[in-house]
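*Asks:* The structure that follows is given in the form of C-alpha cells.
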Amino acid sequence: MSSVRIPSALHEVLGERQSRLGLVLIAAAAVVPVLAVAPALADVPVWRAVLAALLVADIGAGAIANLTRGTTDFYAARPRLRWVFIAVHVHLPLVALLLDLALTPALVAWAATTVAATVINLLVRHPEQRIVAGLLLAVILCGLPLLPDQSPALLIVSALFATKVAYAFAVDHRAEARDHDTREAGSSAPAEAPA
C-alpha cells in the first residue's frame, strides 16, 4: 500500500510516513469521540467546547496513530522523545476542567496512565512488554468506572487516553519486526574471506 510523506511539523503526531488508509482511520478516530462527548460539549461556552473538542480529537486520533508503523518507528528511533511525549500529556485534566467535569477521576486516570506508560516504556526492549502493557491497560479500564463522580463523557475520554498513552504509544509495536530485519541484514552480509 502506498504511503504518504508527512510534513516535518507533524512528525511527532504521525511519524515520517503514513499509509493512506492509516490517515483515514486516524481522522475517523479523531471524529468519533468528539461525537460521543457532544452532550458535554453543549453544556459549556463555545470557546471551551472548541478547546475540549480539539483535545478529545487528539486523544482519539492518537489512540490509532500511535499504533501505526510511521509513529512507532519515529519514536523508536528517538527514545528521549518518548519520555517527553509521556510527560506532556496532561490532556485529561484539561478536558475535565474545560467541560466542568469532576477533576478527581480525571486526575486519578491521568496519574494511573502516566505511571503505566512509564513502566511500559522502561520495558521497551523486554520481550513481554506488550503483555505487561495489556495487563496495565486492563487494570486501568476496569478501574475507571469505579471512580467516584465518573461521568459518561469523562469515562470515554479517560479510556481513550489510557489506550493512547499507556498502550498504543508506550509499547514499541514494531520491535520484533525491526529485530528480525536487523538479523536478516546481518545474515545476508558476505562472510569475510579467511586470512
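The values are calculated or read from the model by the stated rules, or taken from the named source; none is laboratory data. Note that the structure is a prediction, hence the values are computed from the model and not measured. Neighbour counts are summed over all protein chains in view; Cβ atoms, including those assigned to glycine, are modelled from backbone coordinates with ideal geometry. SASA here: full protein model, heavy atoms, side chains in, ligands and nucleic acids out. Shrake-Rupley method; radii C 1.70, N 1.55, O 1.52, S 1.80 Å.
*Asks:* For residues that are under 20 Å from Tyr167 (Cβ atoms) and of a type in the set (D, E, K, R), tally how many sit in the stretch 76-109.
*Replies:* 2
*Asks:* Determine the pairs where a residue that is over 15 Å from Leu94 (Cβ atoms), located within the stretch 34-54, has a partner that is open to solvent by less than 30 Å² (accessible area, probe 1.4 Å) and not in a helix (DSSP H, G or I) with Cβ atoms under 9 Å apart, the partner being 6 or more residues away or on another chain.
*Replies:* Asp43/Leu99
*Asks:* Can you list the helices (runs of 4 or more DSSP H) lying wholly within the stretch 36-98 that have 2 or more residues being open to solvent by less than 20 Å² (accessible area, probe 1.4 Å)?
*Replies:* On the way: elements: 38-41, 46-65, 69-76, 79-88, 91-98.
Correct list: 46-65, 69-76, 79-88, 91-98.
*Asks:* Same structure again: Among the residues of the stretch 26-33, are any surrounded by 15 or more Cβ atoms within 10 Å (Cβ to Cβ), outside any helix (DSSP H, G or I) and touching a residue at least 24 places away in the same chain (Cβ under 8 Å)?
*Replies:* Checked against the condition, which is being surrounded by 15 or more Cβ atoms within 10 Å (Cβ to Cβ), outside any helix (DSSP H, G or I) and touching a residue at least 24 places away in the same chain (Cβ under 8 Å), the stretch 26-33 yields no hits at all.
*Asks:* Another question, if that's okay. Cβ contacts < 7 Å: first residue over 11 Å from Pro105 (Cβ atoms), restricted to the stretch 139-157; second residue among the polar types (S, T, N, Q), any location; separation 6+ or different chain. Result?
*Replies:* Close Cβ pairs satisfying both conditions: Ile140/Thr113.
*Asks:* Right, Ala133: within 18 Å of Gly60 (Cα to Cα), in contact with a helix residue (DSSP H, G or I) (Cβ under 6 Å, 6 or more places away or on another chain) and buried (at least 18 other Cβ atoms within 10 Å of the Cβ) or not?
*Replies:* Values: within 18 Å of Gly60 (Cα to Cα): no; in contact with a helix residue (DSSP H, G or I) (Cβ under 6 Å, 6 or more places away or on another chain): yes; buried (at least 18 other Cβ atoms within 10 Å of the Cβ): yes.
No: the conditions fail for Ala133.
*Asks:* Can you tell me which residue in the stretch 128-173 is farthest from Leu81 (Cα to Cα), limited to those that are under 19 Å from the mean Cα position of the chain (by Cα), not charged (D, E, K, R) and not in a helix (DSSP H, G or I)?
*Replies:* This residue is His173.
*Asks:* Which pairs have Cβ atoms under 9 Å, sit 6 or more apart or on different chains, and link a residue in the stretch 1-16 that is open to solvent by less than 40 Å² (accessible area, probe 1.4 Å) to one that is among the acidic types (Asp, Glu)?
*Replies:* Sorted first by the residue in the stretch 1-16, then by its partner, the pairs are Ile6/Glu16; Gly15/Asp73.
*Asks:* Which numbered condition in (1) under 28 Å from Arg125 (Cα atoms); (2) touching a His at 6+ places or on another chain (Cβ under 6 Å) is the only one that Leu55 fails?
*Replies:* For Leu55, the exception is condition (1).
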